[in-house]
Amino acid sequence: MARRPDEEYDYLFKIVLIGDSGVGKSNLLSRFTRNEFSLESKSTIGVEFATRTLQVEGKMIKSQMWDTAGQERYRAITSAYYRGALGALLVYDVTKPTSFENVSRWLQELRDHADSNIVIMLIGNKTDLKHLRAVATEDAQSYAERERLSFVETSALEATNVDKAFQMNLSEIYRRISKKSLSSDDPAHANIKQGKTLVIGAEEIHTNKACCSAA
Amino acid sequence: MRSESEEERKNATIDSRFNQTLRNVQGLLKGRSFPGKVLITRRSDPLDNSTMRSPDNHGSLRDSETGPSQQSDGSVEDEMQSRNNLNASPSASQEKSSTSNSENTSNEVQKPSIGSRATDSARLMKFTKELSATTVILEKLRELAWNGVPSYFRPNIWRLLLGYAPPNSDRREGVLRRKRLDYLDCVAQYYDIQDIERTDEEINMLRQIAVDCPRTVPDVSFFQQAQVQKSLERILYIWAIRHPASGYVQGINDLATPFLVVFLSEHVEGSIDNWMMSDLPSEKISDIEADCYWCLSKLLDGMQDHYTFAQPGIQRLVFKLKELVRRIDEPVSTHMEEQGLEFLQFAFRWFNCLLIREIPFHLVTRLWDTYLAEGDALPDFLVYIAASFLLTWSDKLLKLDFQEMVMFLQHLPTHNWSHSELEMVLSRAYMWHAMFNSSPSHLVS
């Protein structure tokens, strides 16, 4: 893929957004990538795509994000996008207990279809609906600790913690990758420092073959 | 906003492409240059230019529906009047660049092939004649409807084309009455019950439907009415319960909306922006819902595996689309492949929602005239429509990289589309179907 000069970045990370239908995945993404929120958004059919480049830990990181449909029927389609993803944002709705109960099923989905070292972040969205809250922060917090997930609560509507959630996930991916690249016993990442750019996690066909070693 | 010159340039390109395609087809038809035996049409048309009827005679029937008030008019007179207005403007066909001008210039492109093209009023007469027959001949109705149905006739014609209303006029009323009662029974039996009487699966399904109804066509204010959303919920839930192999799948909510709008148009006046569901008595609402339910069922009967596990039907269409695009437009196909773009990344939604999501809502009923006229052949023809739709932007696509392409294709600039762009898509689909469908190896290197 030819790189545009105006699109300088050091890393390309592929991220997936998953979680039950209607929890606000698409609005989290549009808030993060375009600073937009729509009360009139339609359900996502299959997958939708967005991207944003931002500085994380001093590096320019381009995130390619795949927003997936929440309904179970679409799993067969959407799970194909887990492959090669370095990060996953697993979203539930703090006003919908079932969406929180289903988090474990989503984790299983990731275990079944995603790379084993995928960095998962649990996100409780819609904190603006204070009077409707039905999932306590502490419950989600302790669940996240048990499952070793990062955790944050967000409001896509009020733009609370949205950037932070994505940034945290990207930083963690970055740290994990740089740590890996330093360990010489991982031949797959041995030459990470040789190339200026490392394209990770994208489908093979999207990678820059000249410098990519991790796809 | 696009500048006017850009717009003109774009149209010039479209026109030239279209003309090129048309010449190709006509050349092939006249010169019989097809290798081997070619069946040009599934219909009974003679093998001459009149097989190209799709673009020629559509112009007449869209005029009354170009604005947001499309479904509102209820009289033939209105249609004829608005058509006359358009006829009075001879330059209409030259002014395609203006998006406000809804008249379709592809008329002009087709003029040479029109010959004994029927006048518009004659066309309306044809509809009237076909509909008033003791037994409607569906094949004839399909031919007429393919090019667009006047909104006044649309509810009746859709019911007939889908096989919901029987062609025999003596039986029609009785059948509809029975089916409507049948629906009412279903609502009582499956919908108007307590959650405790439902299985977990049913509760889940109802919950999913309830999540989706408020976000169905959210850009049209009519669909924000609570009663409209309740009607949708009932229709979708009953459909899902009665079709357990697929159950409710997101996107089917979109598919119910053209029916709702069309069957409502029989009972309300004015523009859709002013329709109030609450003005209607509950018996009427229930009849409308019943018609929607049955027509949705009939439509989806022909696409059963589109919504079952892993949606094989849709995957098949996506695959066929990729193949077809490779045959029609090698450069675009190669470019997409080089960029690593998968057809599934954009075309899945196209087929799942039958393009409803991709065009302005006021054009959807016109698109569906063609869908319903295709009948059982719809899934196959959808591939051609999708190819034609995609290649509307073939020049643009060649300039985009992977990311730009995915985002472009997921948010296509069709907001300002009028009927002319849609007719172009349909006409080209028709031609490509004639060229490629019966000659699987044609143009394959």
- Note on the structure: Residues meeting the amide H criterion for A:Gly46 (H placed from the backbone, H to H distance under 5 Å, 5 or more places apart or on another chain) are A:Ala69
- Query: Net charge near B:Ser221, counting Lys/Arg +1 and Asp/Glu -1 over other residues with Cβ under 14 Å of its Cβ?
  - Reply: -2
- Message: Give me, ordered by chain and number, the residues 5 or more places off A:Phe151 or on other chains with an amide H under 5 Å from its own placed amide H.
- Response: A:Leu122
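If I take all pairs of Cα atoms in the stretch A:31-142, what percentage of them are more than 20 Å from each other?
Cα-Cα pairs in the stretch A:31-142 separated by more than 20 Å: 49 percent.
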- Per-residue average of Cβ from other chains inside 10 Å of B:347-354: 3
- Task: Can you tell me what the convex hull of the Cα atoms of the stretch B:287-404 projects to on average, as an area in nm²?
- Result: 8.1
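Remind me, relative contact order of the stretch B:171-302 in percent, using alpha carbon pairs under 8 angstrom and six or more residues apart?
On the way: 105 pairs, mean separation 40.0, N = 132.
Relative contact order here is 30 percent.
Based only on Cα atoms, what Rg/Rh ratio does the stretch B:171-302 have, Rh being taken as Kirkwood's radius?
On the Cα set of the stretch B:171-302, Rg over Rh gives 0.95.
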- Using a Förster distance of 56 Å, the FRET efficiency for A:Asp163-B:Arg242 (Cβ separation, nearest 0.05): 0.75
- Per the 1/(1 + (r/R0)^6) rule, R0 = 22 Å and r from the Cβ atoms of A:Ser41 and B:Asn204, FRET efficiency to 0.05 is 0.50
- Tabulate in residue order the Karplus-calculated ³J(HN,Hα) for the stretch B:266-274, using 6.51 cos²θ - 1.76 cosθ + 1.60 with θ = phi - 60°, rounded to whole Hz; enter x for Gly and Pro. 6, 10, 10, 10, x, 7, 4, 5, 10
- For B:Val406, what is the net charge nearby, where nearby means another residue's Cβ is under 11 Å from its Cβ and Lys, Arg count +1, Asp, Glu -1? -4
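Filter the cross-link list A:Lys126/B:Lys230; A:Lys14/A:Lys164; B:Lys298/B:Lys320; B:Lys298/B:Lys396 down to pairs whose alpha-carbon distance in this structure exceeds 27 Å.
The pairs that break the limit, which is 27 Å between Cα atoms, are B:Lys298/B:Lys396.
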- A:Asp115 versus B:Ser438, label points 7 Å from Cα toward the beta carbon: distance in nm? 5.2
- Dividing the alpha-carbon radius of gyration of the stretch B:262-352 by 2.2 N^0.38 Å, where N counts its residues, gives 1.65
- Charge dipole magnitude, Cβ of K and R +1, D and E -1 - the stretch B:312-438, Cα centre, debye nearest 20: 140
- Message: I need the calculated FRET efficiency for the pair B:Gln304 and A:Asp128, taking r as the beta carbon distance and R₀ as 51 Å, to the nearest 0.05.
- Response: 0.80
- Query: Across peptide B:331-344, how many C-beta atoms of other chains are within 10 Å of each residue C-beta, on average?
  - Reply: 2
- To the nearest Å, what is the center-to-center distance of the stretch A:11-63 and the stretch B:263-327, using C-alpha atoms only? 30
- Message: Past 21 Å, Cα to Cα: identify those pairs from A:Lys42/A:Lys96; A:Lys25/A:Lys180; A:Lys25/A:Lys130; A:Lys59/B:Lys399; A:Lys25/B:Lys322; A:Lys25/A:Lys179, in the order given.
- Response: A:Lys25/A:Lys180; A:Lys59/B:Lys399; A:Lys25/B:Lys322; A:Lys25/A:Lys179
- Query: Of the heavy-atom accessible surface of the stretch A:77-142 (probe 1.4 angstrom), what whole percent is carbon and sulfur?
  - Reply: 50
- Query: Could you give the length gained on full extension between A:Arg105 and A:Leu54, defined as 0.36 nm per residue of separation minus the Cα-Cα distance, in nm?
  - Reply: 15.2 nm
- Query: Counting pairs of alpha carbon atoms under 8 Å apart in space and at least six apart in sequence, what relative contact order in percent does the stretch B:254-390 give?
  - Reply: 27
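Taking the Cα centre of the stretch B:171-302 as origin and charging only Cβ (+1 Lys, Arg; -1 Asp, Glu), how large is the dipole, in debye to the nearest 20?
Magnitude of the dipole: close to 380 debye.
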- Compute the relative contact order of the stretch A:11-182 as a whole-number percentage, counting only Cα pairs closer than 8 Å that sit 6 or more residues apart in sequence. 25
- Message: What is the sum of charges, Lys and Arg at +1 and Asp and Glu at -1, for the other residues whose Cβ falls under 10 Å from the Cβ of B:Asn204?
- Response: -2
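The values are calculated or read from the model by the stated rules, or taken from the named source; none is laboratory data. As the structure is a prediction and not an experimental result, all values here were calculated from the model. Neighbour counts run over all protein chains shown; Cβ positions are idealised from the backbone, glycine included. Heavy atoms of the whole protein, side chains included, go into the accessibility calculation; ligands, DNA and RNA do not. Shrake-Rupley method; radii C 1.70, N 1.55, O 1.52, S 1.80 Å.
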